[in-house]
Amino acid sequence: MTNGTNLNREVVRMGKIFMNRRKPFIFFSLVVLSIAALSLSDGNAAQSNSNRSFSNLDAIRIADYTTFSRITLEISNKNFSCTLVPLTKKPPVLMVKLNGVQAGDFGKEYRKDTEAFEKITFSTDADSNLVLTVPLSENVDIEGVFFHVWTDIVTIDLPLKVSNHKFVPDIEQIKKHKDPKEPGSSRKKVIVIDPGHGGLDPGAIGKHHVTVKDRLLEKDLALDVARRLANYLNKDSKYLAFLTRYDDYLPAPFGAKGANRSEYIKESLYYRVQLAKEYCGDILVSIHLNSWWNQSVRGFEIIYFGDQYADAYAADEENPDIKALRAIADIDQKDSFIISSIIKDRILSDSKQLATSIVEEIKNVPGVQLRPRPIYPNRLIVTKQFLMPSVLVELGYLSNKYDHANVKKPETRQKMAASIYKAVDKFFFNPADIPLVAVSSKQQQVTPDPLPSIDRSRPLSTSLPAEHTVRSGETLTRIADRYGVTVNQIRNLNRRQIKRGITIYPGQKLQLPSTIQIQDKDDSNTVSPVAKKNIPSSGNTINYTVQKNDTLEKIAIDFDMSVDEIKSLNGKKSHLIYPGEELKVTPGREVVSARSMQYKVQRGDTLGKIAERFNVSLSRLKQANGLHSNLINVGQILRIP
């Protein structure tokens with residue numbers, strides 16, 4: 001095109017000369033030649049473009065957040081480059097040039113009603129490269145526009161001058177609902193629902209479709225169930241329900257950047273948890289579907305953050321949740337492990353109870369079958385936090401034809417959402433109706449007496465009741481885990497009532513140890529520690545070799561000592577320890593007798609009873625023996641850590 005234009009200009013210049021010499025015929029001939037040359041040049045350019053390999057613009061994702069909107073452009077392959085044309089300010093217009101990219105099926109215009117713009121128009125430059133023009137609203141702060149090119153994606157973040165509250169109200173308004181000051185007003189529960197995957201991450205893909213259009217995608221089904229669940233909750237005056245995404249996009253923070261799609265997806269996982277915290281959530285429910293190579297595998301299951309992973313997370317001094325709790329309580333770092341231990345145990349206990357409540361409700365939905373082990377712990381990003389109970393729900397297997405056919409029905413998804421709503425309501429307002437253990441509808445159900453009722457209408461408290469009435473099916477380990485104390489603490493306060501050190505019975509009243517009380521800032525700004533155990537010391541200092549995943553807190557509990565005692569005995573100024581390190585400890589007599597032992601499982605033993613007998617936590621006993629469940633066999637040899 002450029003060569004043809006220059007030639008045309010030269011012909012015009014020469015034509016003027018010839019005209020001045022009165023040679024019109026020659027001028028006409030030159031014009032014809034110039035047009036022919038121009039056509040030849042255009043043809044060569046067209047032929048050159050036709051030989052180029054262009055990528056297609058596969059998808060445009062628009063995400064509206066409270067403080068910004070995002071445009072995500074997905075390209076079919078990596079052979080492209082991108083340029084952001086300098087923005088014009090009046091009116092504000094954004095232009096993006098995609099070199100080596102064509103519009104594909106998008107035509108000339110893409111419309112989307114957002115806070116930042118209403119439409120995107122498509123055009124091409126002289127080399128057939130795609131140019132996107134986006135007239136921006138006056139609410140966009142064009143000085144703060146963030147632009148990033150990934151491997152095969154382009155993200156453009158448009159910051160807003162005035163916040164967008166189309167989906168989520170102002171955070172201060174949420175806080176008012178959570179802690180009302182006006183007489184007669186009631187506190188609302190904030191339920192954060194996370195529809196899994198989204199946008200360029202489809203999640204599990206159904207395997208039982210006739211055409212591509214009939215194919216089921218996990219991201220679509222999860223969003224559909226999440227919307228239905230939010231509708232149930234928001235119609236109930238007791239709740240406020242928010243989603244981590246409201247459309248087909250992958251939620252990620254403003255200014256997210258990285259190299260490829262996998263990094264973008266990981267950013268999204270962390271951002272979902274961040275959103276739940278920003279929304280002041282009381283619980284987080286993440287909704288997913290499963291897939292497996294073995295298409296006979298099917299069933300509903302639910303995942304929570306397990307004890308075996310939570311201890312190390314709680315012991316991390318850089319843990320943002322612990323820092324947040326420390327700031328709220330206004331306590332020193334040295335005492336934060338006490339707070340984190342109590343909060344951790346309460347959050348994990350509530351997460352398991354929420355999971356049990358959901359299983360008990362959803363197993364009644366027609367067509368839903370539970371997995372053999374419907375509730376199990378795992379270390380997932382979306383559940384790994386201590387600020388609210390959280391669970392990840394797997395509604396079924398898209399790889400299985402029965403689950404696929406069932407979840408494909410809108411009425412099934414509606415009933416699933418209704419069941420989760422009922423389970424959430426029971427969790428908050430009728431926890432006594434939730435059994436200790438969820439069982440399959442095909443099993444004969446023997447439901448133990450329910451747990452004591454917890455008032456979840458109030459924030460978490462670090463104070464405990466003075467006593468606990470034992471219910472049917474409870475053990476000392478379960479009671480200790482429930483209140484964030486140790487078995488030894490309860491045993492020492494109830495030596496006369498607890499026979500043989502482990503036996504309890506329904507109706508028995510047990511004294512509970514006093515716990516930390518967070519004092520007013522006008523007092524000493526200190527925290528009174530958990531009542532120290534009264535097991536007499538053996539008086540002997542022994543060496544202990546730090547094991548993998550050990551923390552000072554876990555070692556202190558095992559040896560009946562405080563963390564400060566261990567630090568003082570070993571001249572330590574921080575909580576840092578490493579595997580193989582030798583620590584001096586002064587254990588209680590009962591601990592000395594049980595340490596480094598092997599035990600042969602007897603008839604009638606359970607893992608919980610063995611843990612109580614040797615004064616170790618259930619999770620630590622399982623970890624020491626590589627157990628993933630509570631199942632043990634008569635004659636099995638267990639190592640007592």
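The values are calculated or read from the model by the stated rules, or taken from the named source; none is laboratory data. The model shown is predicted, which means the values in this text are computed figures rather than measured ones. Please note: Cβ atoms are built from the backbone with ideal geometry, for glycine as well, and neighbour counts cover all protein chains shown.
Of note:
- Any strands (runs of 3 or more DSSP E) falling wholly within region 79-193 and containing at least 3 residues that are farther than 30 Å from Ala230 by Cβ: 81-89, 92-99, 119-124, 130-135, 146-149
- Answer from Val210, Val190, Val225 - the residue that is without any contact (Cβ under 8 Å) to a residue 12 or more places away in the chain and over 24 Å from Thr72 (Cα atoms): Val210
- Residue in region 84-92 that is at pLDDT 85 or above, more than 29 Å from Thr244 (Cα to Cα) and either touching a strand residue (DSSP E or B) at 6+ places or on another chain (Cβ under 6 Å) or of a type in the set (S, T, N, Q) (or both) present: yes
- Extreme residue, surrounded by the most Cβ atoms within 10 Å (Cβ to Cβ), among residues of region 122-172 that are more than 29 Å from Asn99 (Cβ to Cβ) and among the β-branched types (Val, Ile, Thr): Val168
- Set Asn294, Asn231: member being surrounded by fewer than 20 Cβ atoms within 10 Å (Cβ to Cβ) and outside any helix (DSSP H, G or I): Asn294
- Qualifying residue in region 376-383 (condition: of a type in the set (Ser, Thr, Tyr), surrounded by fewer than 21 Cβ atoms within 10 Å (Cβ to Cβ) and either touching a Cys at 6+ places or on another chain (Cβ under 8 Å) or not in a helix (DSSP H, G or I) (or both)): yes
- Region 108-163, residues that are small (Gly, Ala, Ser), closer than 21 Å to Asp247 by Cβ and touching a strand residue (DSSP E or B) at 6+ places or on another chain (Cβ under 8 Å): Ala116, Ser137
- Taking the conditions (1) free of Cβ contacts under 8 Å to residues at least 40 places away in the same chain; (2) within 30 Å of Lys97 (Cα to Cα) in turn, Leu217 satisfies each one other than (2).
- Exclusive hit being closer than 15 Å to Ser349 by Cα, surrounded by fewer than 19 Cβ atoms within 10 Å (Cβ to Cβ) and either touching a His at 6+ places or on another chain (Cβ under 7 Å) or at pLDDT below 65 (or both), set Leu436, Leu451, Leu460: Leu460
- Among all positions in region 153-172, there is at least one residue which is within 21 Å of Gly199 (Cα to Cα) and aromatic (Phe, Trp, Tyr).
- Selection within region 267-281 - over 10 Å from the mean Cα position of the chain (by Cα) and either polar (S, T, N, Q) or more than 16 Å from Phe68 (Cβ to Cβ) (or both): Lys277, Tyr279, Cys280, Gly281
- So Arg603, is it modelled with pLDDT under 80 and more than 27 Å from Gly306 (Cα to Cα): yes
- Residue within region 416-432 that is modelled with pLDDT of 95 or more, buried (at least 16 other Cβ atoms within 10 Å of the Cβ), among the polar types (S, T, N, Q) and in contact with a Pro (Cβ under 9 Å, 6 or more places away or on another chain) present: no
- Residue that is modelled with the highest pLDDT, among those in region 536-587 that are in a helix (DSSP H, G or I) and surrounded by fewer than 17 Cβ atoms within 10 Å (Cβ to Cβ): Leu569
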